[in-house]
Every structure is written in C-alpha cells, then in structure tokens.
Amino acid sequence: MDIVTAAKNRYTTKAYNPDRKIPDDVFRQVLSVLQLSPSSVNSQPWHFIVASTAEGKARVAKGAQGGYSFNAPKITQASHVIVFCARVDADAGHQELLLSQEQRDGRYRTDDDKAAQAKARKFFVDQHRFQGKDMSHWLEKQVYLALGAGMLAAATLGIDTTPMEGVDTKAIDEEFGLHAKGLTSLMVLSLGYHADDDFNAKLPKSRLPEEQVFTFL
Ligand SMILES: Cc1cc2nc3c(=O)[nH]c(=O)nc-3n(C[C@H](O)[C@H](O)[C@H](O)COP(=O)(O)O)c2cc1C
C-alpha cells in the first residue's frame with residue numbers, strides 16, 4: 001500500500017472484531033518499527049508493554065475503569081495492545097547503556113569517537129535537566145515519535161489502531177510496577193481489525209485545509 005493511501009485509510013478505530021487476530025509475522029513488523037524509531041541523541045527513552053492474551057489485555061484494561069471505561073472495549077476486544085512507557089530520566093546509567101550498545105553495534109572507530117558522542121549526549125541531556133528543566137517532557141516527546149511511526153506502519157500493513165490517552169496512567173503504572181523501573185506509562189495503543197459496526201469507519205476524515213497547515217517558501 002502506498003503511504004498516502006495508508007495515511008488516508010488510517011482512522012481511530014472505535015470497535016474491534018474480537019475474532020480477528022493480527023498474524024505474528026505481521027505484528028512483529030510493527031514492533032520493529034517501534035524499536036527502530038529515531039530519538040534525540042539516540043536516547044531511546046521508551047519501553048513497550050505488549051499484550052496479546054485475554055489476561056494481558058485485562059491487566060492493561062485496569063487503566064480503563066471509571067471515567068475511562070469508554071476505552072475499555074477497545075483494549076479488551078483488540079487483537080494486540082501496547083502500553084507506551086517513557087523513562088523519567090536519562091541518567092548516567094542510561095547514557096552508559098546507550099554508549100555501550102552503540103559500541104557493540106559498531107558505531108565507534110576510535111575511543112575518541114566514543115568519548116565525543118558521550119560528551120555531546122550529556123550536553124543535551126544536561127540542557128534539559130538544568131536549563132529547560134523539562135527532562136520528562138523531552139523524553140516523552142521521543143516516545144510519541146515512536147507512536148506516530150508505529151501507527152503509520154500498522155496502517156501500511158492494513159492493521160487498524162486506536163491511540164488512547166484516555167487511560168488512568170497511575171493505575172497502569174501501579175499494575176506493572178513501572179516507577180521502580182524508572183518508567184511511567186503515557187498512553188495505550190490498540191491494534192487489530194475493526195468490527196463491521198464501527199461507526200467511525202464510515203465517517204469522513206476531517207483535517208484543516210492545506211493552506212492553513214503548510215507555509216511554502
Ligand atoms: C495521542 C492521542 C490520544 C488519543 N486518545 C484517544 C482516546 O483516549 N480514545 C479515543 O477513542 N481516541 C483517542 N484519540 C483519537 C483522536 O481523537 C483521533 O486521532 C482524531 O480525532 C483524528 O481522527 P482519526 O485518527 O480518525 O484520523 C487519540 C489520538 C491521539 C493521537
């Protein structure tokens with residue numbers, strides 16, 4: 001499928017066909033796109049909790065109770081569900097983890113190259129820690145890049161999705177013990193195939209016009 005057709009076809013699915021499962025080899029492609037997503041200074045400040053069983057989805061759905069219950073069926077009826085989590089800090093330990101991974105992946109010809117990258121990354125991390133004072137906000141932005149990439153990838157594969165910020169992230173954090181791991185949940189993405197009676201599948205897309213959205217120089 002060409003990418004514009006995929007972008008036009010993608011829409012927020014409101015009801016899933018619980019009997020249709022995404023084949024594993026197709027779903028793995030979405031996961032690869034998440035893992036390959038770009039991030040500032042290659043910080044990769046994410047973790048993805050993937051649920052495909054009824055039990056796993058029920059655990060995620062603990063974040064869709066009370067005022068969030070309108071989103072619960074989109075979690076329990078979908079084929080797969082991904083909780084997008086962000087690191088709360090890019091501390092020295094995480095920076096070291098990144099550096100040693102980059103070394104194993106063959107990014108550095110010399111020790112000087114490696115030291116330069118460590119210094120540059122620390123410079124930007126410290127900017128957000130001390131000047132911007134927006135560390136968690138900055139890290140969360142990186143995770144949202146992965147969300148966009150993952151949703152478009154899913155659309156090209158003919159998979160329907162629902163991004164959901166309408167979840168109780170505190171409840172999800174508790175369910176998965178995220179704070180102890182230096183993580184917080186941001187949102188949930190459901191993936192699968194829409195139900196025949198999904199009202200949103202038939203509605204036209206609505207977007208602001210091109211002349212308002214773009215400036216051409
Ligand atoms: C970050 C994010 C959070 C969203 N949260 C919810 C949600 O909790 N429940 C829901 O049904 N739709 C949710 N949406 C869907 C938006 O309402 C939808 O993307 C927007 O209206 C545009 O429609 P479209 O996705 O069908 O093109 C969310 C979308 C995004 C990108």
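The values are calculated or read from the model by the stated rules, or taken from the named source; none is laboratory data. Quantities reported herein were computed from a predicted structural model and do not represent experimental measurements. When we count neighbours, we look across all protein chains shown, and the Cβ atoms used for this are built from the backbone with ideal geometry, even at glycine.
Computed values, structure above
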read-out	value
Search result, residues across the range 180-190 that are touching a residue at least 40 places away in the same chain (Cβ under 8 Å) and more than 12 Å from the ligand (Cβ to nearest atom)	Lys181, Gly182, Leu183, Thr184, Ser185
Given (1) crowded, with 18+ Cβ neighbours inside 10 Å; (2) at pLDDT below 95, index of the condition Ala15 fails	(2)
Among (1) within 16 Å of the ligand (Cβ to nearest atom); (2) closer than 23 Å to Leu145 by Cα - the single one Leu99 does not satisfy	(1)
Among (1) assigned to a helix (DSSP H, G or I); (2) more than 30 Å from Thr169 (Cα to Cα) - the single one Gly93 does not satisfy	(2)
Members of the range 88-109 found to be touching a helix residue (DSSP H, G or I) at 6+ places or on another chain (Cβ under 9 Å) and among the hydroxyl-bearing types (Ser, Thr, Tyr), listed by number	Tyr108
Set Tyr144, Tyr193: member being modelled with pLDDT of 95 or more and within 12 Å of the ligand (Cβ to nearest atom)	Tyr144
In the range 176-217, the residues that are among the hydrophobic types (A, V, I, L, M, F, W, C) and surrounded by 17 or more Cβ atoms within 10 Å (Cβ to Cβ)	Phe176, Leu178, Leu183, Leu186, Met187, Val188, Leu189, Leu191, Ala195
Enumeration of residues in the range 158-175 that are in a loop (DSSP other than H, G, I, E, B), more than 8 Å from the ligand (Cβ to nearest atom) and buried (at least 17 other Cβ atoms within 10 Å of the Cβ)	Ile159, Asp168
Failed condition for Phe84, given (1) assigned to a helix (DSSP H, G or I); (2) touching a residue at least 12 places away in the same chain (Cβ under 8 Å)	(1)
Where a residue in the range 105-127 is touching a residue at least 60 places away in the same chain (Cβ under 8 Å) and its partner, wherever it lies, is part of a helix (DSSP H, G or I) and among the small types (Gly, Ala, Ser), with Cβ under 7 Å and at least six apart	Phe124/Ser40
